[in-house]
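All remarks here apply to the structure that follows.
Read-outs throughout are calculated quantities, based only on the coordinates presented, and are distinct from any laboratory measurement. Note that the structure is predicted; figures quoted are calculated from it, not measured. Neighbour counts are summed over all protein chains in view; Cβ atoms, including those assigned to glycine, are modelled from backbone coordinates with ideal geometry.
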Amino acid sequence: MSEPEKACSPIVWCVGGSDSSGGAGITRDLATLADLGVHGCAIVTLVSAQSHYAMTSSKAMQLSLINEQWQVLAAEALPLCIKIGAIANDAQAKVLSTRIEMLSVPRPLIVWDPVLFSSSKGALSNLSKDVIKQLLRVVDLVTPNTHELASLAGIFIDSEIDNAFETKSEIKSEVKNNRDVRHAAKTLINSGAKSVLVKGGHARWQHNATDTYFTDSEEIAFSQPRVHHSELRGTGCMQASAIAAFVAKGYSIIDALTLANAYVKNVRDVSSSSYSQSSLTGSRQSVPQVPRLAGFPTNRDAFPTVAFIKSGAFNSVDGCKTESDVFDKHHNERREKPFLPLSHTKRGIYPVVDSADWIEKLLPTGVETIQLRIKEDISPWDKARISKEIQRAVALTKSTSCQLFINDHWQLAIEHGAYGVHLGQEDLFTADIDAIRKAGLRLGVSTHGYAEIQRVKSLAPSYIALGHIFATKTKDMPSQPQGIDRLKHYVDLCGGIPTVAIGGINKNRCKAVADTGATHIAVVTAITEAPCPHAAYHTLQKEAGFVE
Ligand SMILES: Cc1ncc(COP(=O)(O)OP(=O)(O)O)c(N)n1
Ligand SMILES: Cc1nc(C(=O)O)sc1CCOP(=O)(O)O
């Protein structure tokens, strides 16, 4: 499958050093951007003489040249994202921080991959604590590996800023477990960093390689099976540039992190397969492993498992009880405890309505899946009334073949024996997923992009809802409409799990939606605001091609 969308190329600036081997640095950044259909501009901070195995020297660019590179680019067009890699010295860092502070709003997203050492074993930068503090505060995302995280966090340990923490001395030079990772990342956040992605490649204590994203309110883990003995250099540069590329292409930050993680996995896979082939014909020692291009990630198996961890709490969403479970074991979740599948495999229109009366009205159409979605904030419902309504909806559908899903009220759905429960992302933090599964109810879950889909796949639900495809007036959405191209990709990402497309779908749009392969199409207003809801249901079924 090709990339979901392509118009004219968005622009990303790369600020960093050249690596003569092409394995890392700005050469790798630009190759990554080009591979992902993004135009990269370069602000070179240093020139290094490196092979794949050694760095012999490195020379900083003059400040006037850094300034001039920035100015000529800014005079043409500002980028959507700026990726910063190696910075040679304090003076350069100060110029960059000042330039960033002067950018007008809305400013580009700034990603800093804090390259303190080269993987070919040479020091690239020598930044003082003060300029590191300043940089951390002006960038939007910093992407350290665990060694870099320890160095960065060590700067703040013992300072007045970190007084809230207990285990100061432990992480000054090293992070040794997931607890240290969280502690060190929180130290950076408390010291003014907006967000931190800690890369897990060097975190040997983890079974999988888990990158963890921290903001002041979120913690999200992205896990891949660990690659042992990789000789590929420049993966940090690649990952940070890919994040910048995906943000520039209009993806949310958490989707950009998910896609970039998948991208690096693909580059590793294609590079190691061509490397092992080349080693058949020559001595392995003499053939350095060079990164190959991989393009937009479309293969399901490249995507990481994603776990959302709320305020350090570990709940049944992740199916895990401990920190190490969250980081290491949720890969197995899906195979262990799948939800019951839907009883009907036929594709169909899925009305979402707000009363048992509506269900009664629509049942004669022969509708096979329906949802009762009662929103307390928009109608004068209290718990007792909601309970009665759910009970009535269950009674209405019990002797029919219609699959009734109850939105949000999972305890009442269990109590009254509904067919299934539909939950949103926030509900996953509070609902008892095991209780729903054990009670034999089906589960449907809303998602709005790559990260949420990867999160939900681990639960092995009965269906995954994909929204919102078009603008909708039924609900205020914090995200952008996904459109048909992305929907197609999401359906593919869900593998064999049935999908439900929702949001702004009407009779003119349902054919295009059905053509993506989405199993069901959920609608609110296309039925509830139609002059004749029965006729509207049948028209939608027909237009989608679900019936002759
Ligand atoms: C089929 C289907 N898809 C998505 C939703 C939205 O659910 P959620 O995110 O829980 O938001 P609310 O419906 O609670 O506003 C849905 N209800 N059904
Ligand atoms: C309830 C709901 N959830 C959405 C999501 O994307 O999660 S969109 C949506 C509203 C769908 O209404 P209509 O068919 O009238 O556009």
Can you tell me what share of the DSSP beta bridges in the chain is antiparallel? A percent to the nearest 5 is fine. 30 percent
Quick one: compute the contact order of the chain, relative version, from alpha carbon pairs under 8 angstrom and 6+ residues apart, as a percent. 10 percent
Expressed as a whole number of Å, what is the distance separating the alpha-carbon centroids of the stretch 210-251 and the stretch 356-373? 44 Å
Report, in degrees rounded to the nearest 10, the 0 to 90 angle that the Cα long axis of helix 63-76 makes with the longest principal axis of the chain. 40 degrees
Calculate, in whole percent, how much of the Cα-Cα pair population of the chain lies beyond 32 Å. 49 percent
Most exposed to least, judged by fewest other Cβ atoms within 10 Å, K457, K361 sort to K361, K457
Once both axes come from the Cα atoms, what is the angle between helix 383-398 and the longest principal axis of the chain, in degrees from 0 to 90, rounded to 10? 70 degrees
Low-density loop trypsin sites (Lys or Arg not before Pro), the stretch 1-86, at most 13 other Cβ within 10 Å, DSSP non-H/G/I/E/B, are K6
Any idea how far apart L363 and S230 come out in nm if each label point goes 7 Å out from Cα toward Cβ? 5.6 nm
Hand me the trypsin sites (Lys or Arg not before Pro) from the stretch 465-530 located in a DSSP loop with no more than 14 other Cβ atoms within 10 Å, in residue order please. K473, K475
Suppose R0 equals 51 Å. What FRET efficiency, 1/(1 + (r/R0)^6) with r the Cβ-Cβ distance, do K346 and Y53 give to the nearest 0.05? 0.30
Can you compute the FRET efficiency between A91 and K438 using 1/(1 + (r/R0)^6), with r the Cβ-Cβ distance and R0 = 45 Å? Round to the nearest 0.05. 0.10
Got the relative contact order for the stretch 348-544 handy, in percent, Cα pairs under 8 Å and 6 or more residues apart? 18 percent
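Ranking I453, I11 by Cβ neighbours within 10 Å, fewest first, what do you get?
Exposure proxy ranking, most exposed first: I11, I453.
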Would you mind computing, in nm to one decimal, how far apart the modelled labels at Q480 and E376 are, each placed 7 Å from Cα along Cα→Cβ? 3.5 nm
Provide M61, M238, M102 in ascending order of the number of other Cβ atoms located within 10 Å of each residue's Cβ, fewest first. M102, M61, M238
Centre separation in Å (Cα based) which lies between the stretch 2-64 and the stretch 501-536: 46 Å
Please work out how much length the chain gains when fully extended from T298 to H207, using 0.36 nm per residue of separation minus the C-alpha to C-alpha distance, in nm with one decimal. 30.2 nm
Would you mind calculating the relative contact order of the stretch 448-527 from Cα pairs under 8 angstrom and at least 6 residues apart, reporting the percent as a whole number? 32 percent
Cα-based helix-to-principal-axis angle, 483-493 vs the chain, degrees rounded to 10: 90 degrees
Need one number: nm distance between label points at V72 and E174, each 7 Å from Cα along Cα→Cβ, rounded to one decimal. 4.7 nm
Fully extended contour minus Cα-Cα distance, from R385 to L63, at 0.36 nm per residue: 109.0 nm
